[in-house]
Structures are given as C-alpha cells and as structure tokens.
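Working notes, beginning with the structure itself.
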Amino acid sequence: MNTAKPAKTDRKSKSVKLTTSLIIPIYNEGGHLQEFLEKIDLLPLPTDKELVFVDDFSKDESREILRSFKFKSKHKILFQEINQGKGAALQRGFLAATGDIILVQDADFEYDMEEIPALLEPLISGKADIVFGSRFKKDGRQVHRTFHYLVNRILTIFSNFLSGLYLTDMETCYKVFRSEIIQNINLESNRFGFEPEITAKVARLKVRVQEYPISYYPRNYLEGKKITWKDGFAALRHIFYFNLIASNQHFFKKDMPKKYIPIGGNWL
C-alpha cells in the first residue's frame with residue numbers, strides 16, 4: 001500500500017507580480033498637466049504601477065497641480081531646487097524608483113500612453129531586457145513635422161554607425177529598462193543628451209534590445225515643445241563623445257549584474 005503523502009503545491013514557485021515605475025520629468029506643463037495626471041493615474045498596466053514625478057523647478061502652476069492632485073496610484077513627487085534639465089530629472093527619478101521595470105514617460109500627449117502595455121510585454125515575458133518605442137517603425141501612415149523628422153533620422157544614423165546598435169529611433173522618449181540595468185548606469189547628461197548617452201552605454205552591454213512601433217502626435221513650440229536646433233547639435237556632440245571619446249570604465253556601477261557584461265568586458 002502506498003502511504004506517501006501527495007505532493008504539496010509550492011506557492012512560492014508562482015511568479016510574483018512585477019512593478020513598473022514610470023519616470024515622468026516635468027517642466028512648465030501646467031496647461032495640460034491636470035488632464036495628463038488624470039489619465040496616467042488611471043492607466044491600467046499588466047504589472048503593478050508606480051508613478052515617479054520629478055518637477056524640474058517649473059515656473060508655472062505645475063508644482064501646485066502636482067501637490068493638490070488626489071492620486072489613486074502609488075506615487076512619488078520629487079522637486080528639483082533649481083532647473084537642471086530633463087537628463088538630471090531622469091537620473092533622480094531612476095534612483096528613486098522601486099519597480100522591477102522602469103519606463104520614461106513625458107508629461108504631455110505626444111506619445112500614446114495606451115501603448116505602454118505592449119512595450120512592457122517583452123520584458124514581462126523575459127524576451128527582452130530593454131525596449132525602445134519607435135516612431136518610425138511604422139506602416140507609413142504616421143505624419144511627422146519635416147524638420148524634426150530629418151534631424152531625428154540623421155542623429156539615429158550617426159548613433160547606429162558609431163554604437164553598432166541598429167535602431168530606427170534613437171531619440172524616442174519611450175525607453176523601457178530592467179531596473180537592475182538602468183539603475184547601474186552612470187549618467188552624465190543633464191539636458192537632452194540623455195538619449196544618445198544611454199544608447200551608447202547600452203550598446204556596450206550584453207543585453208537584448210527590441211524596438212516596437214508607437215504612435216506620435218508632435219506638438220509645436222506654442223504648445224510647449226522645448227527641444228530646439230541647439231539640442232540637435234548638442235545631441236550630435238554627445239553621440240561622438242560617448243561612442244568615441246569617453247572611457248568605458250566610467251559607464252557602469254560596480255553593482256551592474258555580471259550577466260550583462262560581455263566576455264572580455266573588464267571595464268567595471
């Protein structure tokens with residue numbers, strides 16, 4: 001007679017639900033911030049959600065709107081004491097985030113936040129470590145403003161040539177990372193140089209990068225767009241600096257997981 005007890009189900013073996021931290025830099029977004037907060041607060045995700053707002057010393061009513069909004073989601077609100085730029089705001093947000101996945105989200109409606117779940121799926125399923133949302137990986141129906149389209153494509157081409165990482169949209173806002181990667185990259189760019197810098201540094205790692213098409217609804221300068229032609233030249237300078245001049249030894253922190261370090265990558 002078999003008296004063995006039936007095996008117990010190991011509840012610990014069930015996967016724990018992940019958390020996604022949305023890092024949202026804000027600077028003078030008061031005209032539409034209330035509407036944006038209402039939508040991002042109620043946005044359903046396939047993971048738990050954490051909202052991390054970093055106000056970069058706004059001079060309009062943005063800070064008051066943030067302080068008074070009644071959030072339903074888990075959130076953090078950080079205030080910069082002086083205006084330092086988008087890159088600096090992102091750096092602070094990355095360090096404050098507690099999620100397993102970290103996504104960059106602008107505080108406007110140029111990007112469709114309803115597409116975030118599709119960008120998270122490759123990381124949730126274990127098929128990718130980093131996902132870039134591409135405004136140009138489309139079927140041709142997307143309409144862009146000619147000047148910004150050309151600048152973005154030129155910058156992406158130069159970045160691809162020097163980094164060896166083929167992308168269609170290096171300058172995209174929507175970038176999604178495993179937190180153990182982005183939180184262990186030393187970032188230096190305080191303004192819009194974040195995009196070419198992070199791309200150059202990611203290209204040095206042994207990570208799986210995917211691109212997914214996203215929608216894009218560009219606003220003009222009267223509506224609050226802040227990037228100018230000067231930032232385009234600065235981005236080009238950052239592409240050359242971080243791919244050709246900067247030392248790899250200062251790119252990453254000591255806690256970067258070894259599985260992301262390529263063979264022979266003894267620069268940690």
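Bear in mind that the values in this text are calculations on the coordinates, not laboratory data. Treat the numbers as computed from the prediction; the structure is a model and nothing was measured. Heads up, the Cβs are rebuilt from the backbone with ideal geometry, glycines too, and the neighbour counts pull from every protein chain shown.
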Practice prompt. Please state which of the following conditions residue 150 fails to meet, knowing it meets all the rest: (1) part of a helix (DSSP H, G or I); (2) closer than 24 Å to residue 93 by Cα.
Written response: (2)
Worksheet item: Is there a residue in the range 173-186 that is touching a helix residue (DSSP H, G or I) at 6+ places or on another chain (Cβ under 7 Å) and small (Gly, Ala, Ser)?
Response: no
Response to the item:
Scanning the range 68-105 for residues that are among the charged types (D, E, K, R) and touching a Phe, Trp or Tyr at 6+ places or on another chain (Cβ under 9 Å), the one surrounded by the fewest Cβ atoms within 10 Å (Cβ to Cβ) turns out to be 81
Discussion item. All but one of (1) surrounded by 17 or more Cβ atoms within 10 Å (Cβ to Cβ); (2) within 22 Å of residue 27 (Cα to Cα) hold for residue 179; state the number of the condition that does not hold.
Written reply: (2)
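Residues checked against (1) surrounded by fewer than 18 Cβ atoms within 10 Å (Cβ to Cβ); (2) farther than 30 Å from residue 181 by Cβ:
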{"residue": "22", "(1), (2)": "no, no"}
{"residue": "29", "(1), (2)": "no, no"}
{"residue": "32", "(1), (2)": "yes, yes"}
{"residue": "38", "(1), (2)": "yes, yes"}
{"residue": "44", "(1), (2)": "yes, no"}
{"residue": "52", "(1), (2)": "no, no"}
{"residue": "58", "(1), (2)": "no, no"}
{"residue": "65", "(1), (2)": "no, yes"}
Response to the item:
Log entry, pairs with first residue in the range 110-126 being surrounded by 15 or more Cβ atoms within 10 Å (Cβ to Cβ), second being in a helix (DSSP H, G or I), beta carbons closer than 8 Å, six or more apart or on different chains, reads 113/39; 113/40
Worksheet, complete the sentence: Checked pairs for the range 44-55, first in contact (Cβ under 8 Å) with a residue 60 or more places away in the chain, second part of a strand (DSSP E or B) and surrounded by fewer than 21 Cβ atoms within 10 Å (Cβ to Cβ), C-beta under 6 Å and 6 or more apart or across chains, list as 47/19
